[in-house]
1. What distance in nm lies between label points placed 7 Å from Cα along the C-beta direction at Lys500 and Ser535?
2. Quick one: Val406, Val477, fewest Cβ neighbours within 10 Å first, how do they rank?
3. Run the helix sum for the chain: -39,500 (n - 2.57) per DSSP H stretch of 4+ residues, divided by residue count, reported at 222 nm to the nearest 500 deg cm²/dmol.
4. Using Cβ counts within 10 Å as a stand-in for footprinting exposure, how do Glu335, Glu326 rank, fewest first?
5. Got a sec? How would Thr248, Thr513, Thr501 order by Cβ neighbour count within 10 Å, fewest to most?
6. Using a 10 Å cut-off on Cβ atoms, rank the peptides 122-132, 414-424, 148-158 from the highest mean neighbour count down.
7. For the chain, what is the relative contact order in percent, using Cα pairs closer than 8 Å and at least 6 residues apart in sequence?
8. Output the relative contact order of the stretch 461-512, whole-number percent, from Cα pairs under 8 angstrom with separation of 6+ residues.
Amino acid sequence: MSLRRRWLIAVYAYMLSIPLSGQDSDPSLARAPGVQASQLLSRTIKDDWPSYNGDYTGRRFSSLTQITPQNVQHLQAQWVFHSRNAGILEVTPVVVDGIMYVTASNDAYALNAQTGQILWHYSRPVSRGLIDDASGHISRGVALLGTRLYMETDNAHLLCLDARSGNLIWDVAYADWNKNYGGTSAPLIVKDKVLVGTSGGDDGVRGFLAAFDSITGKLAWRLWTIPGPGEPGSSSWPGDSYLHGGGTTWMPGTYDPELNILYWGTSNAAPDYDDSIRPGDDLYTASLLAIDPDSGKLKWYFQFTPHDLYDYDGVETPVLVDMQYEGKPRKLLIEANRNGFIYLLDRTNGKFLSATPFAKKINWATGVDANGRPMITDLKPTPDGTLICPGVEGATNWFSPSYSEVTHLFYFLAFEGCSVYFVKPAPFEEGKEYYSTGTKHDPNGKTERVLFSFDPQTKTIAWRYPQAGNSHSWGGVMTTATGLVFFADDADFFEAADAKTGKSLWHFNTGQTLHASPMSYAVWGKQYVAIASGSDLFSFALPE
């Protein structure tokens, strides 16, 4: 019996007993076949890829072993899914039981993961009047729990769909008091809650992370990343500036179930380049927040770039790794940050362990002190322009890194380049950006794209693989148990390299720029690797 036929039979069986649309608080849905909490807790990503990063650790390490360094050169495209209703795809697919779930702008699709055939399609018009990142109508994916699918819309609504049919169950607007908010992320499920953040850190919004009950859609808690008057850290935000301070949470975090700690990054302070109205460290922007997922209370924080003037968001994936470190077993957190340094933290308490520069050009700071605080230079945006390195895109950005349990190395893609930063103070206006004022590329230099491999034991770069291209790729990285690293290169190619050496082993020309991160899954014992490129989603496998 075909996969599609079995899937349809299952859907019809569920339809006989369970409502598929409208407000529905039946808790049996969360216990129905689908993604269970126990599956989300697993640290082994194999046949299924049940969440944005595969598992809670953010390692993007697949345990599948069919594709190896010896046979990867035979990898072939199996199918291509084309999205007609979206621009650039930045989605990472989620795959469960042979069904792939993807988003394209405000639409969601269920696909046969073997063939790419559409099983259902939920359609919602893109929102008008959005600005900046939200106006690109980007959606990076879904979260699943039970038979429910959750996604964010471009105008910061959280939708709950029935994953068996695509029917809408509920719709919650979670940031409707300032039109400059947007939603570009994939949600994250922790226990019985759906966690969502927003975009708009460059547009004068007040950042927050919110948790909603997965069944009812009711708000469980909201953690503001910009403290209000009288709250700890509020000294940087005089008057009503806290309402427009940035610090948005526009990428999914990671989670340690044993410690019961959620790790979530925050964006730049606003206005981006004018610090005249935000003195001090500007808490809790450009930071990593450790949060109690049950209450939403802040447990501790680590600020990568205090008083950020360079748009160095701290939303890069905080990767959770258990390993021997300096002779002791440690629970580590590794993050390659936009400011040009790779950080190692003790994730139990936030203690700073090390910061290793990886960008060749860093002039905003001379290093990081023993407490993890950057030793900044006097460079800042000026009316005439100041050359600052790394540039506005950062030394790295939101695209996913990976940690291999085979090589014990950390992999990420980076930019080598600078920008000229300008400042021109301007008041906040709803419906307009809040950069005050802007940047341009270094007129005397070219930005380079590089794949890095970092050894956290020795705190050194193991190898670097410079890319040929114009630094327009925004794709990410995934590693496998057979010693492969898959990544989006800078010449419109999806590529595989030897994870130990960085030697290129296979590439495929997608013909479009890649703005997404790869993943892997298996159906009936056959391993696939998938990545979005341009407006298409490609799936690859070995020939029969």
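None of the figures in this text is laboratory data; all of them are computed from the coordinates on show. Nothing here was measured: the structure is a model prediction, and the numbers come from that model. A quick note on method: Cβ atoms are made from the backbone with ideal geometry, for glycine too, and the neighbour counts reach across all protein chains shown.
1. It is 4.4 nm.
2. Ranked by crowding around the Cβ, least crowded first: Val406, Val477.
3. The helix contribution divided over the chain gives -1000 deg cm²/dmol.
4. Glu326, Glu335
5. Taking fewest neighbouring Cβ atoms as first place, the list is Thr501, Thr513, Thr248.
6. Result, highest mean first: 148-158, 414-424, 122-132.
7. Computed over the chain, the figure is 14 percent.
8. 28 percent
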